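The values are calculated or read from the model by the stated rules, or taken from the named source; none is laboratory data. Please read these numbers as outputs of a predicted model, since none were measured by experiment. Counting neighbours? That spans all protein chains shown, and the Cβs are built from the backbone with ideal geometry, glycine included.
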Amino acid sequence: MPYALYYATTQPPEKVTHEDLNRLVPVHFSSEQDAVHAAALVLRGGQFVWRIEGPGLELGPAEIARRCEPTLRMFKKPPGSGGP
């Protein structure tokens, strides 16, 4: 499971260090797509995503939020509305 999602109930500091991340327990995923989907669920639940790391990948909060936008928009649709 090469992709790690770090999140917490508090906002990340301005510059997240590895020491900061060592205080969190990462959740591991086998794909980048699964980690980003889980991040969307974390954001939807009102928590804060700090980072996603994986092979050749290091995403900070702003990039994660951008990638989660389509999934979060889907949750805001009224039931039965269909379509994008």
Where in the chain are there strands (runs of 3 or more DSSP E), lying fully within it, with 2 or more residues that are in contact (Cβ under 8 Å) with a residue 12 or more places away in the chain, among the hydroxyl-bearing types (Ser, Thr, Tyr) and touching a helix residue (DSSP H, G or I) at 6+ places or on another chain (Cβ under 8 Å)?
3-8
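Okay, residues lined up against (1) surrounded by 11 or more Cβ atoms within 10 Å (Cβ to Cβ); (2) in contact with a Ser or Thr (Cβ under 9 Å, 6 or more places away or on another chain); (3) farther than 15 Å from residue 4 by Cβ:
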site: 33; (1), (2), (3): yes, no, no
site: 36; (1), (2), (3): yes, yes, no
site: 48; (1), (2), (3): yes, yes, yes
site: 62; (1), (2), (3): no, no, yes
site: 68; (1), (2), (3): yes, no, yes
site: 71; (1), (2), (3): yes, no, yes
Within region 1-18, considering residues that are farther than 15 Å from residue 61 by Cβ and at pLDDT below 95, the one surrounded by the most Cβ atoms within 10 Å (Cβ to Cβ):
2
